[in-house]
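Structure, as structure tokens:
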Amino acid sequence: MIASPTVPLARGVAIPQLGFGLYKVPPEDAERLAGDALAAGYRSLDTAAMYGNEAGVGRAVRRAMSHARAGRLERGELFVTTKIWNTDQGYDAALRAFDCSQAELGLDVVDLCLIHWPCPRRDLYVDTYRALVRLREDGRVRAVGVSNFQPAHLRRLVDAVGEVPAVNQIELHPWLQQHELRALHRELGIATEAWSPLARGHILEDPVLREIAAAHGVSVAQTTIRWHLQEGTIVIPKASSPQRIRENADVFGFALTDEEMARIAALDRGFRSGSHPDDVN
Ligand SMILES: NC(=O)c1ccc[n+]([C@@H]2O[C@H](COP(=O)([O-])OP(=O)(O)OC[C@H]3O[C@@H](n4cnc5c(N)ncnc54)[C@H](OP(=O)(O)O)[C@@H]3O)[C@@H](O)[C@H]2O)c1
């Protein structure tokens, strides 16, 4: 894999544009798959307290840093994201939850910590965000962001705390292109990160994507990841085999044409592979 470009976040932090997602990776497989991803050239790992696999992710990171052979990685080359779960929202609860995440990860500093869902009916995301700012001020996280925030949640948060979250991680793929949210991200200066960038596999049979993939001699997964990269999105595909993990990282040797990008733009159909943020509390 050619090294992924990075996307600048606030305060001099930069996140690799291509990372590896670990949702639904069982805890007993997390160290191996995160290690496979690091070996394949990924430098960013996306986990969450809710995934139950932070400990394995942390072991893979520490192993990559302590590897005696050539190729040992420095901590500064690696980027680890975790998230505060819904039931841990609120100032004190979020601080306690982060203590647990940090202990599970076994890392002195977490690169990015997100509020997993806004949970508007709980109405605690402003206090939760303030806890994450405190963690950043204490040097325990480098960047603070949100996930699944809708425009109204972002506007209220920015009004209340007087700063803009570094990242909003949202469901985003060719069948759900999120134009309104992405326009607001551009206006406010929030980096867009795509979760379920392959729509959990649903888009892999799309005939237009298949045609474009065939024209480049690559897979639909690679075509879709390439689309994300050319859109400027941070993208974190998950896969369960070393072959797929490598395949998904092999996306820097071809480029989609403007016409192909336009054909993919026309595939938007409001399809969600996961929950709508308004339905999660
Ligand atoms: N913030 C949030 O609320 C939120 C929600 C969901 C996800 N996420 C994050 O986003 C990451 C990615 O999303 P996701 O895991 O839901 O879905 P995804 O990355 O869109 O798709 C993963 C699915 O695609 C398959 N796949 C991957 N590469 C493939 C390839 N080259 N060929 C064929 N099939 C392939 C995988 O199969 P195998 O696993 O069998 O290889 C898996 O079933 C998560 O892991 C997580 O880190 C965040």
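Here are the numbers:
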item: Which numbered condition L204 misses (of (1) more than 12 Å from the chain's Cα centre (by Cα); (2) in contact (Cβ under 8 Å) with a residue 60 or more places away in the chain); result: (2)
item: Unique match (being open to solvent by less than 80 Å² (accessible area, probe 1.4 Å), within 14 Å of the ligand (Cβ to nearest atom), on the phi < 0 side of the Ramachandran plot and not in a helix (DSSP H, G or I)) among L33, L73, L107, L114; result: L114
item: Odd one out for M50, checked against (1) within 15 Å of the ligand (Cβ to nearest atom); (2) farther than 19 Å from Q169 by Cα; (3) among the hydrophobic types (A, V, I, L, M, F, W, C); result: (2)
item: Residues of segment 129-173 classified as open to solvent by 10 Å² or more (accessible area, probe 1.4 Å) and either among the acidic types (D, E) or farther than 21 Å from P8 by Cα (or both), total; result: 14
item: Filter result (in a helix (DSSP H, G or I) and under 18 Å from E259 (Cβ atoms)) within segment 195-221; result: P207, V208, L209, R210, E211, I212, A213, A214, A215, H216, V220
item: Where a residue in segment 161-190 is more than 13 Å from the ligand (Cβ to nearest atom) and β-branched (V, I, T) and its partner, wherever it lies, is open to solvent by 30 Å² or more (accessible area, probe 1.4 Å) and outside any helix (DSSP H, G or I), with Cβ under 9 Å and at least six apart; result: V164/G189; I190/V164
item: Residues being within 12 Å of the ligand (Cβ to nearest atom), outside any loop (DSSP other than H, G, I, E, B) and surrounded by 23 or more Cβ atoms within 10 Å (Cβ to Cβ) - total across segment 3-30; result: 4
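The values are calculated or read from the model by the stated rules, or taken from the named source; none is laboratory data. Values in this document were obtained by computation on a predicted structure and should not be read as measured data. Positions of Cβ are generated from backbone atoms using ideal geometry, with glycine treated the same way; all protein chains shown enter the neighbour counts. Side chains are part of the model used for accessible areas, which takes the heavy atoms of the whole protein and leaves out ligands, DNA and RNA. Shrake-Rupley method; radii C 1.70, N 1.55, O 1.52, S 1.80 Å.
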